[in-house]
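This report refers to the structure that appears directly beneath it.
The values are calculated or read from the model by the stated rules, or taken from the named source; none is laboratory data. Not measured: the values here are computed from a predicted model. Reconstructed Cβ throughout: ideal geometry from the backbone, glycine too, with neighbour counts over all protein chains shown.
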Amino acid sequence: MSKPGATLTIPIEDGVAASASVGRTVSAGLCRPDWCPSQSDRVVWIRGDGPKGNEMTTRFGLTLASAALLVATMFAQDRTARTARSDGAITTFAFETLASRNPGFDRTAHVYPEAHDLAGQNNPNVGDIRLDGIVIDAVTHTPAELQLVTSARIILDDAVDERRGGANIATGYGIGADTDTWIDEGNGSVTPTADDVAAAHGNFNLTSISAVRENVGTVSYELRFAQPTDTVLLWERGSTGDVLVDAVDDGGTVVGTLLVLDGANDGDAVSTYTPTGLVVTTYVEDDFLNHGQELGSVGLRLPQAVPTVRFTAYQEAEGDGAVRYNGPDLKVIALAPQ
């Protein structure tokens, strides 16, 4: 399996050998700013190395199946070689999360289900969790100094969830959060649109997330901010999901990359996440709930201010050497320009 940073060589119709760095200069299934394929097409842009010269760029369409295979190859990595990778100088930092719950919200109606270890007991973690600020290097940043996601784009989601429907991306909010008035949230859906994904992140409710299920397939989506940012704040429910993060400039160029790790099945690599002490629940639909996991957090310093950040997760079938990102369930906010 190819690793990001390796090189693919692909024969094309005119006999020119073409190559590109995996996960960097190849873009499969992505729209360019000046051109976008239909839903039935997948497109790869490749820098040519053949007789037409290194500056030739060839664009050609692939079938959906072959495109999915290429995307899978682009994003996959050998488990034995996985480390926190930062090709474009994305660096991480720890920050403190300042948050609150609604003291007036009635949680007594929400109990753990029969199959849970705490069956029948009240669940104290339901409802909203409002982000009231963050602390970086002893400096407090209020919500007025942060910015929310304004739009999203689902690039690829090729899994099939035969049980619940949809693919791998889902959106959700805290159990009971729809009746809690502490802070707004997005909606819950197993078939979310790009607008649903944007709405999940476009608020200060830390229970309002976009989740990735763990069916075999590749997920890649982008989140966009109104103003370019060089500081992204990431929360992950459970600290149990790897995610490949790309910083994307206005021209669509990836200027920085980092593989955030959960530390599970990652060789000697440790988790990138820091525990927050905040336990969140998730409601997607009546038979699709999570009754509580602690949020982990990580701050990302990008090499330059960008308007768009891309998140990718890959999941192979279980087996020796399988690449499994374990379904990152994310909340993403950014610092506003200071």
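Results, tabulated for the structure shown:
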| read-out | value |
| --- | --- |
| Test result for Ile169, under 16 Å from Gly327 (Cα atoms), among the aliphatic types (A, V, I, L, M) and buried (at least 21 other Cβ atoms within 10 Å of the Cβ) | yes |
| Every residue from the stretch 185-212 that is surrounded by fewer than 22 Cβ atoms within 10 Å (Cβ to Cβ) and hydroxyl-bearing (Ser, Thr, Tyr) | Ser189, Thr191, Thr193 |
| Answer from Ala211, Ala144, Ala167, Ala198 - the residue that is more than 23 Å from Ala305 (Cα to Cα), in the same structural domain as Thr282 (by TED's automatic domain parsing), outside any strand (DSSP E or B) and at pLDDT 95 or above | Ala167 |
| So Thr308, is it in contact with a His (Cβ under 9 Å, 6 or more places away or on another chain) and either surrounded by fewer than 24 Cβ atoms within 10 Å (Cβ to Cβ) or assigned by TED's automatic domain parsing to the domain that holds Gly217 (or both) | no |
| Residue under evaluation Asp268, criteria (1) over 23 Å from Ala170 (Cα atoms); (2) in contact with a Pro (Cβ under 8 Å, 6 or more places away or on another chain), criterion not met | (2) |
| Test set (1) touching a residue at least 60 places away in the same chain (Cβ under 8 Å); (2) more than 14 Å from the chain's Cα centre (by Cα) - Ala199 fails condition number | (1) |
| Pair list, Cβ under 8 Å, 6 or more apart: the stretch 143-157 residue within 18 Å of Tyr221 (Cβ to Cβ), other residue surrounded by fewer than 17 Cβ atoms within 10 Å (Cβ to Cβ) and of a type in the set (Val, Ile, Thr) | Ile154/Thr193 |
| Selection count where residues are among the hydroxyl-bearing types (Ser, Thr, Tyr) and crowded, with 16+ Cβ neighbours inside 10 Å, scope the stretch 113-158 | 1 |
| The stretch 296-338, subset free of Cβ contacts under 8 Å to residues at least 12 places away in the same chain and on the phi < 0 side of the Ramachandran plot, residue farthest from the chain's Cα centre (by Cα) | Asp320 |
| Selection count, the stretch 247-282, where residues are among the polar types (S, T, N, Q) and more than 28 Å from Gly321 (Cα to Cα) | 4 |
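Table: residues versus (1) modelled with pLDDT of 95 or more; (2) of a type in the set (Gly, Ala, Ser).
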{"residue": "Asn54", "(1), (2)": "no, no"}
{"residue": "Thr58", "(1), (2)": "no, no"}
{"residue": "Ala72", "(1), (2)": "no, yes"}
{"residue": "Arg79", "(1), (2)": "no, no"}
{"residue": "Thr97", "(1), (2)": "yes, no"}
{"residue": "Thr108", "(1), (2)": "no, no"}
{"residue": "Gly127", "(1), (2)": "yes, yes"}
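For (1) of a type in the set (Phe, Trp, Tyr); (2) farther than 27 Å from Arg101 by Cα; (3) out of contact with any Phe, Trp or Tyr (no Cβ under 9 Å at 6 or more places or on another chain); (4) surrounded by fewer than 24 Cβ atoms within 10 Å (Cβ to Cβ), each residue gets a yes or a no:
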site	(1), (2), (3), (4)
Ala177	no, no, no, no
Glu214	no, yes, no, yes
Gly217	no, yes, no, yes
Tyr221	yes, yes, no, yes
Arg237	no, no, yes, no
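Per-residue answers, yes or no, for (1) under 23 Å from Asp178 (Cα atoms); (2) in contact (Cβ under 8 Å) with a residue 60 or more places away in the chain:
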residue	(1), (2)
Ala264	no, yes
Tyr283	yes, yes
Leu289	yes, yes
Glu294	yes, no
